[in-house]
Amino acid sequence: MTPSLQGFRRVVLKVGSSLLVDRARGQLNHAWLASLAEDIAALHGRGADVLVVSSGAIALGRSVLGLSAGALKLEESQAAAAVGQIALARIWSEVLAHHRITAGQILLTLADTEERRRYLNARATTVKLLEMRAVPVINENDTVATSEIRYGDNDRLAARVATMIGADLLVLFSDVDGLYTAPPAGDPTARHIAEVERITPAIEAMAGGAGSDLSRGGMRTKIEAGKIATVSGIHMVIADGRRERPLQAIADGARCTWFLTPSNPVTARKGWIAGALEPRGTLVVDAGAARALAGGASLLPVGVRRIEGAFARGDAVVVSDGARELGRGLVAYDADEAERIIGRASREIEDILGYPGRAEMIHRDDLALTQPLAAKAG
């Protein structure tokens, strides 16, 4: 069955430049954005976490700076982004504030989601904003990203962000209403595909190129985003964002394409931690900590008896009781810092390290228990 929007708890919305910016005038589509804000407010109001990945900074900035149409040089794009990001952040803040929702701006580069330490920092900041019931508005940091270290489109960035924060739905708003068997603009016989259970080579072959000169993406990048999302346990939908209240339109049954996943973000992430990462060390815990982990708790420094190996914050480590492996997780401290705080209460961390570190050695969201231990917990 096609999922219902009401069933999702954490939703990432990707908004493209061609929707935000009126090409003829080089200005924001204020009325459309206000209608999308109504959708966001409705989703937010029922308790869901909402995050927006927004294009449009370069498109807005080039208009303000009077840059000519066509391709821009890298330094021109960076200058346009510097100007446009200010306008983009302001308008998102204003339209959400109308619904008494706080917006927070986050600018990311490719390295922020690829390098472990920076990934953890970006994830912690974003999740904290969501916990505070703010709506993070994310864009690629085009002011500093070079052509060699950038995403180049916000479809894949949105998928990476959705994976990073454990979203269960990614919505890509575009100027098309989903995937067709061939690009519909050039093939009148192209058929719309309402649901994709698995992204196969045949599905990938259906993708075309970029849709407009404001967009750096296209159906090909949306399929790539779908591969990133679905393997991480995230459903994805491609929908025509040009409608008023585009999210409500999906809920009302408007034509779109759903990319389904048999997994969910939690199990996908746990599987990745348990099987895809090479452990860099071991944390040996006491019996009390082992029981707490079996009950679903995080691993606190007080429960760790000793550490083995040389690891950095964010590395995968084995959690052991000295006789058997209890699980694997992403550690919150470098090995030398971990050595200093093991066996100590979390409230002592700031006095020992000189800064208020994380209370957990491994947060439960970053911990994958072995099957026997997990079964024992139930």
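The values are calculated or read from the model by the stated rules, or taken from the named source; none is laboratory data. Keep in mind that what you see is a predicted model, and the values were worked out from it rather than measured. Methodologically, a virtual Cβ is constructed for each residue, glycine included, from the backbone with ideal geometry; neighbour enumeration extends over all protein chains shown. Just the protein is used for accessible areas: all its heavy atoms, side chains included, with ligands, DNA and RNA removed. Shrake-Rupley method; radii C 1.70, N 1.55, O 1.52, S 1.80 Å.
Okay, here's what the table says:
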item	result
Residue check, Gly357 within 23 Å of Leu277 (Cβ to Cβ) and loosely packed, with under 14 Cβ neighbours inside 10 Å	no
Residue selected from the stretch 174-209 under the condition assigned to a loop (DSSP other than H, G, I, E, B), of a type in the set (A, V, I, L, M, F, W, C) and closer than 22 Å to Pro262 by Cα, by the criterion most open to solvent (accessible area, probe 1.4 Å)	Ala194
Odd one out for Ser232, checked against (1) closer than 30 Å to Leu43 by Cβ; (2) modelled with pLDDT of 90 or more	(2)
The stretch 229-244 residues that are among the polar types (S, T, N, Q), paired with ones that are surrounded by fewer than 23 Cβ atoms within 10 Å (Cβ to Cβ) (beta carbon under 6 Å, 6 or more apart)	Thr230/Thr261; Ser232/Ala268
Every residue from the stretch 273-304 that is out of contact with any Gly (no Cβ under 8 Å at 6 or more places or on another chain), of a type in the set (D, E, K, R) and within 10 Å of Ala316 (Cα to Cα)	Glu278
Filtered residue count, the stretch 89-107, keeping only those that are over 12 Å from Ile40 (Cβ atoms) and touching a residue at least 60 places away in the same chain (Cβ under 8 Å)	1
Conditions (1) at pLDDT below 95; (2) open to solvent by 30 Å² or more (accessible area, probe 1.4 Å); number of the one not met by Ser77	(2)
Residue in the stretch 70-83 that is over 26 Å from Arg123 (Cβ atoms), in a helix (DSSP H, G or I) and among the charged types (D, E, K, R) present	yes
Residue match in the stretch 344-353 (condition: among the small types (Gly, Ala, Ser), without any contact (Cβ under 8 Å) to a residue 60 or more places away in the chain and either in contact with a helix residue (DSSP H, G or I) (Cβ under 7 Å, 6 or more places away or on another chain) or loosely packed, with under 15 Cβ neighbours inside 10 Å (or both))	yes
Residue that is farthest from Ala229 (Cα to Cα) [pool: residues in the stretch 1-50 that are open to solvent by 20 Å² or more (accessible area, probe 1.4 Å) and among the hydroxyl-bearing types (Ser, Thr, Tyr)]	Ser18
Residues located in the stretch 94-120, provided they are at pLDDT 85 or above and under 25 Å from Gly166 (Cβ atoms)	Leu96, His99, Ile101, Thr102, Ala103, Gly104, Gln105, Ile106, Leu107, Leu108
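Yes/no matrix, rows are residues, columns are (1) open to solvent by less than 60 Å² (accessible area, probe 1.4 Å); (2) out of contact with any helix residue (DSSP H, G or I) (no Cβ under 6 Å at 6 or more places or on another chain):
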residue: Val52; (1), (2): yes, yes
residue: Arg62; (1), (2): yes, no
residue: Leu72; (1), (2): yes, yes
residue: Ala82; (1), (2): yes, yes
residue: Gln85; (1), (2): yes, no
residue: Ser93; (1), (2): yes, yes
residue: Asp112; (1), (2): yes, no
residue: Thr125; (1), (2): no, yes
